[in-house]
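Below: one structure, written as structure tokens.
The values are calculated or read from the model by the stated rules, or taken from the named source; none is laboratory data. In this text, all values refer to a predicted model and were calculated from it rather than measured experimentally. Because the Cβ atoms are built from the backbone with ideal geometry, glycine has one as well, and the counts that use them run over all protein chains shown.
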Amino acid sequence: MTRIKLTVDGASVADDVEPRMLLVQYLREKLGKTGTVIGCDTSNCGACTVHVNGRSVKSCNMLAVQADGAEVTTIEGLAKDGELHPVQEAFRECHGLQCGFCTPGMIMRSVDLLQENPKPTEEEIRIGLEGNLCRCTGYHNIVRAVQHAAGGEVTA
């Protein structure tokens, strides 16, 4: 067992974990952060995307011990004071989800994308979300939601 200390959604946590435990397993099984979805276990789908030190990371591709000392934000940590994050609100308003399975990872990646590029074009949004798969929506409303969150013209 290895002792790790990190901040998850603003709360300091410390735990003993198996060195081979994935971050996604730690978040879901130890901390109950089930909004972080296990989709593929191969880092192909992006459903498990969280922020580690402010950057989007596929948590099925990172060991919990690698997050030692880090600040981790999950989909549950985006809303503040009962108010949805603007990207969460945009996904709701633009119907940027269907079954909802990919939605947490899509939102987390979209938040990071907008931090990198606050006014992305439709093409830049599509390229920025390439590592996150949706099997239901065809991406149309997801792109619209990101455009809406950016305050830009919705063209998709």
Q: Within region 135-148, identify whether any single residue is modelled with pLDDT under 95, among the hydrophobic types (A, V, I, L, M, F, W, C) and over 20 Å from VAL57 (Cα atoms), and answer yes or no.
A: yes
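Which residues, taken from region 51-80, are of a type in the set (S, T, N, Q), assigned to a loop (DSSP other than H, G, I, E, B) and surrounded by 19 or more Cβ atoms within 10 Å (Cβ to Cβ)? Lay out the reasoning, then the answer.
Let us first name the residues in region 51-80 that are of a type in the set (S, T, N, Q), namely 53, 56, 59, 61, 66, 73-74.
Filter once more, so that each one left must be assigned to a loop (DSSP other than H, G, I, E, B): 53, 74.
Of everything in region 51-80, just one residue is of a type in the set (S, T, N, Q), assigned to a loop (DSSP other than H, G, I, E, B) and surrounded by 19 or more Cβ atoms within 10 Å (Cβ to Cβ), namely THR74.
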Q. Where residues in region 103-147 are in contact with a strand residue (DSSP E or B) (Cβ under 9 Å, 6 or more places away or on another chain) and in a loop (DSSP other than H, G, I, E, B), which of them is surrounded by the most Cβ atoms within 10 Å (Cβ to Cβ)?
A. ASN132
Q: Might you let me know whether region 62-70 holds any residue that is under 24 Å from ARG135 (Cβ atoms) and out of contact with any Phe, Trp or Tyr (no Cβ under 7 Å at 6 or more places or on another chain)?
A: yes
Q. For GLY100, are the conditions met, namely being within 17 Å of the chain's Cα centre (by Cα) and assigned to a helix (DSSP H, G or I)?
A. no
Q: For region 81-97, enumerate the residues that are hydrophobic (A, V, I, L, M, F, W, C) and either within 11 Å of ILE142 (Cβ to Cβ) or assigned to a helix (DSSP H, G or I) (or both).
A: VAL87, ALA90, PHE91, CYS94, LEU97
Q. Restricting region 10-50 to residues that are part of a strand (DSSP E or B) and more than 15 Å from the chain's Cα centre (by Cα), which is nearest to PHE101 (Cα to Cα)?
A. LEU22
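Filtering region 36-79 down to residues that are among the charged types (D, E, K, R) and modelled with pLDDT of 95 or more, which residue is nearest to ARG3 (Cα to Cα)? Please lay out each step first, then the result.
Restricting attention to region 36-79, the residues satisfying the condition of being among the charged types (D, E, K, R) are 41, 55, 58, 68, 71, 76.
Adding the requirement that they be modelled with pLDDT of 95 or more leaves 55, 58, 68, 71, 76.
Numbers: ARG55: 23, LYS58: 22, ASP68: 8, GLU71: 16, GLU76: 24 Å.
The residue in question is ASP68.
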(Q) Quick test for you: out of THR155, THR103, THR121, pick the one residue that is polar (S, T, N, Q), over 22 Å from ASN44 (Cα atoms) and at pLDDT 95 or above. (A) THR121
